[in-house]
Amino acid sequence: MSQSTPDTNIDVASVVEDVNLRRIGHYTLIIFFLGFFLLPLVTGIMTALKTNEAIARTVPFMPPLGGGFTLANLEYAFSQLSHAFINSLLMAIPATIINVLLASMAAFGLTMVKWRGQLVILILFLIGIFVPYQAVLVPLARFWNNTFPLADMLSPLFAGIPLLQSYHADLVPLIITHVAYGIPICMILFRSYYQSLPNSLVEAAKIDGASITKIYRRIILPISKPMFGVVFIYQFTQIYNEFLFSFTLVSSASSPEAPVTLIIPAIGTSTSGIDFGIRMSAAFLAALPTIILYVAFAEQFAKGLETESG
Amino acid sequence: MARLALDDVTKEYRDGEMSVVAVEDVSLDVADGEFLVLVGPSGCGKSTTLRMIAGLETITDGEITLDDRSINDVPAQERDIAMVFQSYALYPHKTVRGNMSFGLEESTELSDSDIAETVEETAGMMGIEDLLNRKPGELSGGQQQRVALGRAIVRDPDLFLMDEPLSNLDAKLRAEMRTELQHLQEQLGVTSVYVTHDQTEAMTMGDQIAVLNEGTLQQTGTPLECYHQPNNLFVAGFIGEPSMNFFDGSLEENALVTESLAYSLSPDLRRDIEAGTDLVLGIRPEDVRIDEPRTDGQRFAAEVIVVEPMGNENVIHLRFDDAMAGDEFIVTTEGVPTVSAGDRVDVEFSEAVVHLFDGDSGVAIKNRTLSFSGTPDEVIP
């Protein structure tokens with residue numbers, strides 16, 4: 001409608017009017033959604049930077065002015081969370097790396113290598129996606145606490161490793177749980193990528209004399225770089241933000257091994273009410289790692305795509 | 001250097017109750033240093049055959065031997081075979097150098113410096129030494145094709161397999177590469193199997209060609225053998241461009257009677273054929289004489305439908321008077337076209353050049369008589 005073709009005579013004025021109306025519509029919509037998505041964020045950050053007094057007196061999303069500005073909330077939240085950050089990263093980073101690597105290997109084995117019975121295995125993976133968290137919580141807790149108390153076994157070992165404390169061993173069951181739970185969906189993501197790769201690459205490598213493991217390591221792994229970026233961001237965010245497993249497997253929010261998500265709900269609340277400045281500061285800080293990761297990996301992702309198609 | 005033999009090789013794809021036979025009882029023999037072209041329409045099983053030789057497909061039945069050693073159970077990795085893929089299958093993340101050295105790194109014990117040297121040498125031979133540090137994505141189709149060839153050659157394999165390697169190139173480059181490939185193969189003397197659907201490639205490149213259709217081998221022989229002495233209707237129609245003209249009919253008294261013509265057969269010819277047998281008369285477009293002084297052949301009146309001058313030859317579409325519309329036949333003549341659309345002409349079919357096929361089985365009953373200058377034995381073994 002708005003596209004003019006050279007061979008038709010269109011009244012210029014009507015075209016201009018049409019375009020303008022459409023544009024106004026577009027921009028209004030964009031501004032609306034910008035506000036819709038950004039306002040809560042802005043409000044959160046502004047609240048984090050305000051004194052309690054300023055929070056009570058000013059409009060939530062307005063920036064703090066003059067005496068209303070403070071960094072005390074952020075400092076306090078950080079001091080409360082710093083320990084938990086280490087726990088969270090100590091859990092999420094290894095879990096994500098193991099998860100993504102295993103998922104990629106599984107996807108390779110299930111898409112690019114032919115063997116008997118792989119359909120059954122693939123179906124098992126697919127079923128794995130649909131097992132609800134809630135259904136496994138109790139058996140999971142019993143397994144890690146009574147049947148196979150891995151954390152207790154490892155804690156003396158962890159005490160001996162520099163920079164680690166014995167309580168960090170409690171994160172290992174959590175890591176394994178996350179890996180197990182994350183593999184199916186990550187496997188599917190990799191699988192769809194591997195299915196789009198030409199099979200002749202694997203065949204060419206086979207004829208070149210490479211074994212299946214070599215084909216994975218030297219051909220498929222390097223080619224999957226962009227997909228690793230995507231899956232890594234996705235899975236890291238999942239694991240870092242996860243609450244239920246941490247809640248079930250870590251004894252309490254005050255335990256030394258508690259990850260960020262376990263502490264956040266408790267922070268800034270007291271008998272005297274809720275301290276919004278501290279809560280918002282904590283929430284903002286808690287979200288930072290995922291944001292940083294996203295920004296860092298997005299670039300790597302783009303680069304990966306560039307070499308891929310370039 | 002190796003001799004490749006396929007003995008009653010069969011490939012059957014089974015999916016529950018369903019079973020599809022892709023290749024059936026194919027037997028081939030490729031002598032050391034020989035260039036064999038597997039040719040056939042798409043879906044005829046030629047690629048499957050090649051992939052079985054490469055070890056990328058399992059064999060349902062039969063045996064493949066390389067230098068009299070069965071390779072049925074040898075994995076692709078250990079066959080010492082190099083293959084050029086239709087899509088080239090270059091590793092996108094590796095440079096040309098990386099692509100070429102990968103096979104040497106994986107399949108030989110050569111030191112890094114030896115590998116580098118071999119790669120440089122081969123790249124020089126292929127004229128791609130300037131491209132060694134580039135990635136496949138930065139190369140043109142023709143360059144990628146060269147790299148794919150180089151990657152196969154650098155391995156110095158026992159056997160060289162090519163799966164329609166030229167089909168992604170434009171016509172001019174394809175013709176160039178055709179010559180170059182042939183030259184290269186001669187130079188290297190590596191036993192090669194080449195798959196193509198393009199009968200021109202088959203004719204020009206192969207020492208031997210094997211024509212496949214619907215999974216079964218129709219004929220093996222030199223290109224000229226397949227051209228002049230086809231085993232059956234399929235080979236006759238497939239080899240040659242434009243393809244042979246066919247007229248379906250049956251033997252009545254002493255002539256082959258079709259819808260539009262009655263072609264009398266000499267007593268010699270019809271002796272072994274029962275009356276009433278369905279027959280197909282075949283004649284190559286270049287063997288039909290148009291409006292030329294009469295020789296020993298039989299003449300029929302026809303109308304010129306279209307004339308396509310190609311410069312070196314003219315492709316003339318003709319129709320017999322009482323033939324149905326669309327039932328045309330093709331004649332090629334050399335030089336300047338002497339007829340034009342709408343002309344009525346006399347065409348002459350000489351008995352020496354016509355082929356006769358059994359209408360039911362398609363088996364050749366009579367092929368053209370050869371009259372080459374020089375001894376026919378040199379051309380047709």
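The values are calculated or read from the model by the stated rules, or taken from the named source; none is laboratory data. Everything numeric here is computed off the predicted structure, so don't read it as measured data. Please note: Cβ atoms are built from the backbone with ideal geometry, for glycine as well, and neighbour counts cover all protein chains shown.
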Quiz item: Is there any pair with a first residue in the range B:304-324 that is without any contact (Cβ under 8 Å) to a residue 12 or more places away in the chain and a second that is in a strand (DSSP E or B) and charged (D, E, K, R) whose Cβ atoms are under 6 Å apart and which are 6 or more apart or on different chains, and what are they?
Solution: none
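To keep it simple, each residue is scored yes or no on (1) modelled with pLDDT of 90 or more; (2) more than 30 Å from A:Gln118 (Cβ to Cβ); (3) in a helix (DSSP H, G or I).
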residue: A:Ala151; (1), (2), (3): no, yes, yes
residue: A:Leu154; (1), (2), (3): no, yes, yes
residue: A:Leu163; (1), (2), (3): no, yes, no
residue: A:His168; (1), (2), (3): no, yes, yes
residue: A:Thr177; (1), (2), (3): yes, no, yes
residue: A:Ala180; (1), (2), (3): yes, no, yes
residue: A:Met187; (1), (2), (3): yes, no, yes
residue: A:Arg191; (1), (2), (3): yes, no, yes
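Please indicate, with yes or no, whether at least one residue in the range A:180-191 is of a type in the set (Val, Ile, Thr), without any contact (Cβ under 8 Å) to a residue 12 or more places away in the chain and either touching a Gly at 6+ places or on another chain (Cβ under 9 Å) or within 28 Å of A:Thr47 (Cβ to Cβ) (or both).
Going residue by residue through the range A:180-191, those that are of a type in the set (Val, Ile, Thr) are A:183, A:185, A:188.
Okay, now just the ones that are also without any contact (Cβ under 8 Å) to a residue 12 or more places away in the chain, so none.
Among the residues of the range A:180-191, not one is of a type in the set (Val, Ile, Thr), without any contact (Cβ under 8 Å) to a residue 12 or more places away in the chain and either touching a Gly at 6+ places or on another chain (Cβ under 9 Å) or within 28 Å of A:Thr47 (Cβ to Cβ) (or both), which makes the answer no.
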Quiz item: Between a first residue in the range A:269-298 that is charged (D, E, K, R) and a second residue that is not in a helix (DSSP H, G or I), which pairs have beta carbons less than 8 Å apart while being 6 or more apart in sequence or on different chains?
Solution: A:Asp275/A:Gly268; A:Asp275/A:Thr269; A:Arg279/A:Ile267; A:Arg279/A:Gly268; A:Arg279/A:Thr269
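Can you name every one of the helices (runs of 4 or more DSSP H) wholly within the range A:42-147 that holds 2 or more residues which are in contact (Cβ under 8 Å) with a residue 40 or more places away in the chain and touching a Pro at 6+ places or on another chain (Cβ under 6 Å)? Break it down into steps so the answer makes sense when it comes.
Details: elements: A:52-57, A:72-111, A:118-129, A:133-142.
Filter on the range A:42-147 gives A:72-111, A:118-129.
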Self-check item: Leading residue by the ranking (nearest to the other protein chains (Cβ to nearest Cβ)) among those in the range B:93-111 that are farther than 21 Å from B:Asp80 by Cβ and charged (D, E, K, R)
Solution: B:Lys94
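Does B:Ser87 satisfy the criteria of being out of contact with any Lys or Arg (no Cβ under 6 Å at 6 or more places or on another chain), within 14 Å of chain A (Cβ to nearest Cβ), outside any helix (DSSP H, G or I) and of a type in the set (Gly, Ala, Ser)?
yes
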Quiz item: Can you name the residue in the range A:203-220 that is of a type in the set (Val, Ile, Thr) and at the interface with chain B (Cβ under 7 Å from one of its Cβ atoms) and is also nearest to the chain's Cα centre (by Cα) among such residues?
Solution: A:Ile219
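A quick yes/no check of all residues on (1) in a helix (DSSP H, G or I); (2) among the aromatic types (Phe, Trp, Tyr); (3) in contact with a Phe, Trp or Tyr (Cβ under 7 Å, 6 or more places away or on another chain); (4) free of Cβ contacts under 8 Å to residues at least 60 places away in the same chain:
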residue: B:Ala175; (1), (2), (3), (4): yes, no, no, yes
residue: B:Leu184; (1), (2), (3), (4): yes, no, no, yes
residue: B:Val195; (1), (2), (3), (4): no, no, no, no
residue: B:Ala202; (1), (2), (3), (4): yes, no, no, no
residue: B:Leu217; (1), (2), (3), (4): no, no, no, no
residue: B:Cys226; (1), (2), (3), (4): yes, no, no, yes
residue: B:Pro230; (1), (2), (3), (4): no, no, no, no
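Of all residues in the range B:176-207, which are surrounded by fewer than 21 Cβ atoms within 10 Å (Cβ to Cβ) and under 15 Å from the mean Cα position of the chain (by Cα)? Let's see the steps before the verdict.
Kept after step one, since they are surrounded by fewer than 21 Cβ atoms within 10 Å (Cβ to Cβ), are these residues of the range B:176-207: B:176-180, B:182-184, B:186-189, B:197-198, B:200, B:203-204, B:207.
Answer for the range B:176-207, where residues must be surrounded by fewer than 21 Cβ atoms within 10 Å (Cβ to Cβ) and under 15 Å from the mean Cα position of the chain (by Cα): B:Arg178, B:Gln182, B:His197, B:Asp198, B:Thr200, B:Met203, B:Thr204, B:Asp207.
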Quiz item: Among B:Ala82, B:Ala5, B:Ala22, which is in a strand (DSSP E or B) and either in contact with a Cys (Cβ under 6 Å, 6 or more places away or on another chain) or within 11 Å of another protein chain (Cβ to nearest Cβ) (or both)?
Solution: B:Ala82
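The rows are residues; the columns are (1) under 18 Å from A:Ala210 (Cβ atoms); (2) surrounded by fewer than 18 Cβ atoms within 10 Å (Cβ to Cβ).
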site	(1), (2)
B:Tyr91	yes, no
B:Ser101	yes, no
B:Glu117	no, yes
B:Ala123	no, no
B:Gln145	no, no
Practice problem: Output the number of the condition that A:Lys225 fails; it satisfies all remaining conditions of (1) more than 10 Å from chain B (Cβ to nearest Cβ); (2) modelled with pLDDT under 90. | Solution: (1)
